[in-house]
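All remarks here apply to the structure that follows.
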Amino acid sequence: MRAIWKGAVSFGLVSIGVKLYSATEEKDIRFHQVHREDGGRIRYKRTCSVCGEEVTYDDIAKGYDIGGGEMVILTDEDFADLPLTSSRAIDVLEFVPAEQVDPILYNKAYFLEPEGAATKPYVLLRDALIDSERVAIVKVALRQREQLATLRVREGVLLLNTMLWPDEIRTPDFGFLDEDLKVRPPELAMASSLIDSMTGEFEPDVFTDDYRAALQEVIDAKVEGREVVQPEEVEEAPAAAVDLMAALKASVERAKAARGEQPARGGGGGGGEPTPISSARSAQKAAEKKTAKAPAKKTTAKKTTEKKTAEPAKKTAAKKTPAKKAEPAKKQAARKTAPRKSA
């Protein structure tokens, strides 16, 4: 890394010589504007809108538009006497708890390295910040501009975070803030369950810039003359759900499935208090069970009725068609030998 600034941290009567390094870098893939036909770079000339002449950097000044087509021109001499704390000092103003600094104020981050014999006071300030669990509020002049910043410790190194001034933070002015929207307790409970199911430890290394990786693959393919493979399409975001509770419940189940967790079982031998999800599932299972049993009872009743109806029918048939008793053999013989009467 190359130092972009040298100066000193003013800590009471202690002065700590430091070098300033950019702590971050953007990984965006940058392009040049070129002529489509031959790949020639597109150049822009600095021309004056009044006389039309090309202007060099030496003839360029800063102008402030005061409206009505009028411009106030400021030169380097006008900027020379502006009150800056110091062009080479980081003045510690106070120490505050880190949680009192709203993250929206943070702008850019820089590493501070001790210079020369300043290592010991550097380490002293670093350890004091860690021990006090506070950050230092400082003022520093970078690139001809006074900035508010914080000093804190990251991985054993002092980190300077430049900050926006409070009047540079916009106030949100949106219509929905004036609407009287009510959130039902079950919806809030379901949203809390979703947050719990998606809670984890933040590990920034697991997240990657998929778009940049795919774009670099396309560029590499162009360079090597390979066939450019179309990147897989990203799954479209689901449409807005009409039923908020159903959407929250589905989100919770999907999050648990992604984490490899078994679906929660309501009631039973769980032992814990039922959650909104388990209660809804138990009610659904009970309704399904009741529905499944109802036809079975009707079928059983039908069979019982048929059985009862069949039993009297059998008795009636037996009563109507009794079996004929066989006549004794003597009576049959007497009847055959008896003389017939004449007419």
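The values are calculated or read from the model by the stated rules, or taken from the named source; none is laboratory data. Nothing here was measured: the structure is a model prediction, and the numbers come from that model. Neighbour counts are summed over all protein chains in view; Cβ atoms, including those assigned to glycine, are modelled from backbone coordinates with ideal geometry. What goes into the accessible areas is simple: the full protein's heavy atoms, side chains included, and nothing from ligands, DNA or RNA. Shrake-Rupley method; radii C 1.70, N 1.55, O 1.52, S 1.80 Å.
Overview of values
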| quantity | calculated |
| --- | --- |
| Net +/- balance of residues flanking residue 149 in space, Cβ distance below 15 Å, scoring K and R +1, D and E -1 | +3 |
| Charge context of residue 198, other residues only, Cβ under 11 angstrom, K/R +1, D/E -1 | +2 |
| Spin-label pair residue 89/residue 153, simplified geometry with 7 Å Cα→Cβ offset, distance in nm | 2.6 nm |
| Segment 6-13 - phi-based ³J(HN,Hα) in whole Hz, Karplus 6.51/-1.76/1.60, Gly and Pro as x | 10, x, 8, 8, 8, 10, x, 8 |
| Ranked by how many other beta carbons lie within 10 Å on average, peptides 208-216, 155-163 from highest | 155-163, 208-216 |
| Volume per residue of the C-alpha convex hull in segment 1-151, rounded to whole Å³ | 226 Å³ |
| Inter-label distance for residue 43 and residue 181, nm, one decimal - labels placed 7 Å from Cα along Cα-to-Cβ | 5.4 nm |
| Ordering of 141-151, 47-57 by burial proxy (mean other Cβ atoms within 10 Å per residue, highest first) | 141-151, 47-57 |
| Protection proxy ranking of 170-183, 98-111 - average other beta-carbon atoms within 10 Å, highest first | 98-111, 170-183 |
| Formal net charge of residues neighbouring residue 72 (Cβ-Cβ distance under 11 Å; K, R +1; D, E -1) | -2 |
| Within straight-line cross-link reach of residue 62, aspartates and glutamates at Cα separation under 14 Å, skipping those fewer than 8 residues along the same chain | 70, 76, 77, 78 |
| Shape of segment 82-233, Cα gyration tensor, a/c cut at 1.5 | oblate |
| Cα-based shape type of segment 113-202, given that a ≥ b ≥ c are square roots of the gyration tensor eigenvalues and the cut on a/c is 1.5 | oblate |
| Quotient of Cα Rg and 2.2 N^0.38 Å for segment 33-102, N being how many residues it contains | 1.97 |
| Most to least accessible of 95, 202 (protein chains only, probe 1.4 Å) | 202, 95 |
| Of the trypsin sites (Lys or Arg not before Pro) in segment 27-64, those whose Cβ has at most 15 other Cβ within 10 Å and which sit in DSSP loop | 27, 30, 36, 43, 45, 46 |
| Residue-level accessible surface for residue 164, protein heavy atoms, 1.4 Å, Å² | 50 Å² |
